[in-house]
Amino acid sequence: MKAVLILLASMLLMNASCQTKQEPSAIISSTQKNSNPMDSNFNKSEEEWKKTLSEEQFYVLREKGTERPFTGKYNLHFEKGTYKCAGCGYELFTSDQKFESHCGWPSFDNEIGNGDRVKKIKDFSHGMIRTEVVCARCNGHLGHLFDDGPTKTGNRYCINSVSIDFEPEKKK
Ligand SMILES: [Zn+2]
């Protein structure tokens, strides 16, 4: 009888020691602080944006304005390079994706990446149903996305020149 009790007691002890061993591994996950540093940099207040953007950029990027057609600096711009968000510098489009749409604004048939750089939002303003496109990183208004593009993708990203900055391809 005594032997059985000792055996039971030792089994309980082993069980207890196993449990205490498991605890440290459970703590590790709570120390993970993978907050995206970009979030804090680009989640600026409108006041802060006003300081870093030109008046025209602020009007388009933050107030969802539209530049007048055929006036933007990148409308008829076809150099090789990359187009970045004018608000935060996120690379959004390449010159290979740009095409002449004759609509008066720079047009692209696709975006860089897997559709995660440009956020698509249903836009019901001005009595129309359109898809607004904004920078996925800083939420700056870029323009609108239409499905009447002439290329294989069928997409036409109609983008304000003011919302983007161009970086020429580096010569090798
Ligand atoms: Zn941006």
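Determine whether GLY89 is within 14 Å of GLU167 (Cβ to Cβ) and either touching a residue at least 12 places away in the same chain (Cβ under 8 Å) or touching a strand residue (DSSP E or B) at 6+ places or on another chain (Cβ under 9 Å) (or both). Show your work before the answer.
Details: within 14 Å of GLU167 (Cβ to Cβ): yes; either touching a residue at least 12 places away in the same chain (Cβ under 8 Å) or touching a strand residue (DSSP E or B) at 6+ places or on another chain (Cβ under 9 Å) (or both): yes.
Yes; evaluated as a whole, the condition is true for this residue.
Residues of the stretch 116-167 being crowded, with 17+ Cβ neighbours inside 10 Å and of a type in the set (Gly, Ala, Ser), which ones? Selection gives ALA136, GLY140, GLY143, GLY149, SER161, SER163.
Listed residues GLY89, GLY113; which is of a type in the set (Gly, Ala, Ser), within 16 Å of the ligand (Cβ to nearest atom), surrounded by fewer than 21 Cβ atoms within 10 Å (Cβ to Cβ) and closer than 29 Å to GLU47 by Cβ? Only one candidate qualifies: GLY89.
Which of the residues belonging to the stretch 41-72 are in a helix (DSSP H, G or I) and within 15 Å of the ligand (Cβ to nearest atom)?
Going residue by residue through the stretch 41-72, those that are in a helix (DSSP H, G or I) are 41-42, 46-52, 55-62.
Within the stretch 41-72, ASN41, PHE42, GLU46, GLU48, TRP49, THR52, GLN57, PHE58, VAL60, LEU61, ARG62 meet the criteria.
Kindly indicate whether ASN75 is away from the ligand (no atom under 16 Å from the Cβ), over 22 Å from TRP49 (Cβ atoms), touching a helix residue (DSSP H, G or I) at 6+ places or on another chain (Cβ under 7 Å) and in contact (Cβ under 8 Å) with a residue 60 or more places away in the chain.
Against the criterion (away from the ligand (no atom under 16 Å from the Cβ), over 22 Å from TRP49 (Cβ atoms), touching a helix residue (DSSP H, G or I) at 6+ places or on another chain (Cβ under 7 Å) and in contact (Cβ under 8 Å) with a residue 60 or more places away in the chain), ASN75 qualifies.
Taking every residue in the stretch 124-152 that is at positive phi and pairing it with any residue that is within 16 Å of the ligand (Cβ to nearest atom) and basic (Lys, Arg), at least 6 positions away or on another chain, the pairs with Cβ-Cβ distances below 8 Å are ASN139/LYS119.
So is CYS158 in contact (Cβ under 8 Å) with a residue 40 or more places away in the chain and either within 16 Å of the ligand (Cβ to nearest atom) or more than 25 Å from CYS88 (Cβ to Cβ) (or both) or not?
Numbers: in contact (Cβ under 8 Å) with a residue 40 or more places away in the chain: yes; either within 16 Å of the ligand (Cβ to nearest atom) or more than 25 Å from CYS88 (Cβ to Cβ) (or both): no.
Judged against the criteria, CYS158 is not a match.
None of the figures in this text is laboratory data; all of them are computed from the coordinates on show. Just so it is clear, the model here is predicted, and its values are computed rather than measured. Note that each Cβ is placed from the backbone with ideal geometry, even for glycine, and that neighbours are counted across all protein chains shown.
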